[in-house]
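A short worksheet on the structure shown next.
The numbers here are math on the coordinates, done by the rules we state, and not lab data. These figures come from a predicted structure and were not determined experimentally. All Cβ positions, glycine included, derive from the backbone under ideal geometry; neighbour counts span all protein chains shown.
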Amino acid sequence: MDRIFTLSHKATHAKIQPRVFETGMTWAYGNSGPSPRHDSQARKPQLGVSRRFAPTLETEFELRATQLQLTPQMYAASVELRSWCRQNKNRCYVPEWLLEAWSVTVDPTFSDAT
């Protein structure tokens with residue numbers, strides 16, 4: 001199939017047909033590069049291939065709880081964690097349920113930027 005132009009039966013306009021080669025697709029107006037992939041091919045999941053995600057980092061709250069060797073069930077009863085959370089409530093993440101349990105309010109207008 002080495003046709004470049006085919007005339008329609010009305011002969012009012014020419015239909016442009018591609019010339020197909022093994023290395024790619026060449027149109028009547030020049031080489032368009034490699035053959036385009038269909039969306040279904042491009043988005044096909046690769047089953048069996050594990051994806052590597054960036055490791056999640058612990059928040060300062062989680063680091064402090066780990067240093068104190070606390071489990072989430074022990075958070076509310078910890079005096080040391082409560083003191084740390086009161087000092088750092090506006091600077092570091094503290095779970096909302098824990099702030100509510102201790103009746104601690106966070107200043108929404110606080111800015112640590114200097």
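Points to keep in mind about this one:
- Listed residues Val79, Val94, Ala65: farthest to the positive end of the dipole of region 60-101 (Cβ charges): Val79
- Legend: calculated FRET efficiency, Ser111 to Ala76, from the Cβ-Cβ distance at R0 = 25 Å, rounded to 0.05, equals 0.30.
- With 0.36 nm allotted per residue and the present C-alpha distance subtracted, the Glu96-Arg51 stretch has 13.0 nm of extension available.
- Restricting region 48-92 to trypsin sites (Lys or Arg not before Pro) in coil, as DSSP defines it, with at most 13 other Cβ within 10 Å: Arg51, Arg52, Arg91
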